[in-house]
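Each remark here refers to the structure printed beneath this line.
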Amino acid sequence: MLSQYAEAAYARELLTTGGGTGYLIKDRISRPREFIEALVTVATGGTVLDPEVVSQMFSRDHARQALESLTEREHDVLKRMAEGLSNAAISAALFITEATVEKHINSIFAKLGLPPCSEDHRRVRAVLTYLNL
């Protein structure tokens, strides 16, 4: 497969088909010789994956594992964050204090590998991780 984008779901599907498999990103094919070598590898039953595809596959697996490590209560909090609720609204919905909500949110950030950063919003990134899996 020759694609514009690296998509982990497509790569997983290709890898389950058996036989020769290839997933290369168009923009990264700059040397005809390497492309031909990749074609030969696939044609002879081998596998060729663009490094970006491999990176996408592992980052999604890591995110999935991180989400699975959340407690049931943390999962409830993250779900309500994804619904757009404020900490006060989450507190009311789950019958817990706002301080407890904040504690759960900090735990979620830690488990998802989202350290404090001035360049992005951890709450949005946590919700995107939740929604993308």
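The values are calculated or read from the model by the stated rules, or taken from the named source; none is laboratory data. Quick caveat: nothing in here was measured; it's all calculated off a predicted structure. When we count neighbours, we look across all protein chains shown, and the Cβ atoms used for this are built from the backbone with ideal geometry, even at glycine.
Points to keep in mind about this one:
- Among (1) farther than 30 Å from Leu14 by Cα; (2) touching a strand residue (DSSP E or B) at 6+ places or on another chain (Cβ under 6 Å), the one test that Arg123 misses: (2)
- Among the residues of the stretch 91-133, those that are among the charged types (D, E, K, R) and in a loop (DSSP other than H, G, I, E, B) comprise Glu119, Asp120.
- Condition met for Gly84 (loosely packed, with under 12 Cβ neighbours inside 10 Å and at pLDDT 85 or above): yes
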